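The structure under discussion appears below in the form of structure tokens.
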Amino acid sequence: MRIANLAAHAAVNGTESVQRSEGVRHKRTVASTEVVHEKTRDRLVLDAARAALDETPEIDMVRVARVQAALAAGKIRFDACKLAGTIQRYHGGSE
């Protein structure tokens with residue numbers, strides 16, 4: 001799994017090779033001030049999805065009005081006892 005820095009955040013914990021007095025090369029952690037400006041592809045997809053979701057109404061009022069009209073006209077049969085039993089079963093109760 002690759003973790004990318006977010007835009008406008010400095011990249012940190014890079015490594016550079018350092019030679020010590022014994023002649024052995026070691027890796028040392030250094031802080032880099034390079035700022036990553038490119039967004040990852042996943043971030044772009046998520047931003048687009050969030051924008052589309054923000055534009056979508058949470059409740060489709062046109063559909064709600066159609067269902068209400070169909071109920072009022074008797075086109076949809078409604079059984080309150082059956083609905084209550086279904087809700088009770090769903091929430092772990094008995095009928």
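Just so it is clear, none of the values below were taken in a lab; they were calculated from the coordinates. None of these values were measured; they are calculated from a predicted model. Cβ atoms come from the backbone with ideal geometry, glycine included; neighbour counts cover every protein chain shown.
Of note:
- Extension gain from D42 to Q88, taking 0.36 nm per residue of separation minus the Cα-Cα distance: 12.5 nm
- Zone of F78's modelled label, taken as backbone nitrogen in segment 43-66 under 16 Å from a point 7 Å along Cα→Cβ: 63-66
- Per-residue HN-Hα couplings for segment 80-88 [Karplus 6.51, -1.76, 1.60; θ = phi - 60°; Hz; x = Gly/Pro]: 4, 5, 5, 4, 4, x, 5, 5, 5
- Segment L71-E55, extension gain: residue separation times 0.36 nm, minus the distance between their alpha carbons: 2.8 nm
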